[in-house]
1. Looking at region 42-58, which of its residues are farther than 21 Å from ILE28 by Cα and modelled with pLDDT under 90?
2. Can you tell me how many residues within region 39-69 are in contact with a strand residue (DSSP E or B) (Cβ under 7 Å, 6 or more places away or on another chain) and not in a helix (DSSP H, G or I)?
3. Could you list, in sequence order, all residues of region 56-71 that are polar (S, T, N, Q) and either touching a residue at least 40 places away in the same chain (Cβ under 8 Å) or surrounded by 10 or more Cβ atoms within 10 Å (Cβ to Cβ) (or both)?
4. Which one of the conditions (1) at pLDDT below 75; (2) loosely packed, with under 10 Cβ neighbours inside 10 Å does ALA11 fail to meet, given that it meets all the rest?
5. Out of LEU41, LEU53, I need the residue that is surrounded by 10 or more Cβ atoms within 10 Å (Cβ to Cβ) and without any contact (Cβ under 8 Å) to a residue 12 or more places away in the chain. Which one?
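The values are calculated or read from the model by the stated rules, or taken from the named source; none is laboratory data. As the structure is a computational prediction, the values presented were derived from the model and not from experiment. No Cβ is skipped: glycine too gets one built from the backbone with ideal geometry, and neighbour counts run over all protein chains shown.
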Amino acid sequence: MRRRDFIKGIAGAAAAWPLAARAQQSAIPVIGFVYPGVPELSAGVIAAFRKGLNETGFVEGRNVTVEFRLGLPRPLLN
């Protein structure tokens with residue numbers, strides 16, 4: 001009888017494994033925002049970008065993360 005109880009316990013744990021795996025939260029996606037202008041002049045562009053995200057159902061910090069990279073590009077060498 002002990003052997004059968006042991007096998008039932010192993011089978012029950014194996015059956016419950018996928019349920020426990022589904023309970024994990026998925027990772028939050030990260031969006032990279034690259035703007036080649038100076039930060040002072042990019043406020044309107046960033047506000048429009050955030051508004052567009054909100055209109056499509058994304059809320060920064062809740063279900064999406066945005067990483068901003070701003071700055072002037074380096075001049076091209078001839």
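1. SER42, ALA43, GLY44, VAL45
2. The number of residues fulfilling the criteria is 9.
3. Start the filter on region 56-71 by keeping residues that are polar (S, T, N, Q), which leaves 56, 63, 65.
Of everything in region 56-71, those that are polar (S, T, N, Q) and either touching a residue at least 40 places away in the same chain (Cβ under 8 Å) or surrounded by 10 or more Cβ atoms within 10 Å (Cβ to Cβ) (or both) turn out to be ASN63, THR65.
4. (2)
5. Values: LEU53 fails: without any contact (Cβ under 8 Å) to a residue 12 or more places away in the chain.
Checking each option against the conditions leaves just LEU41.
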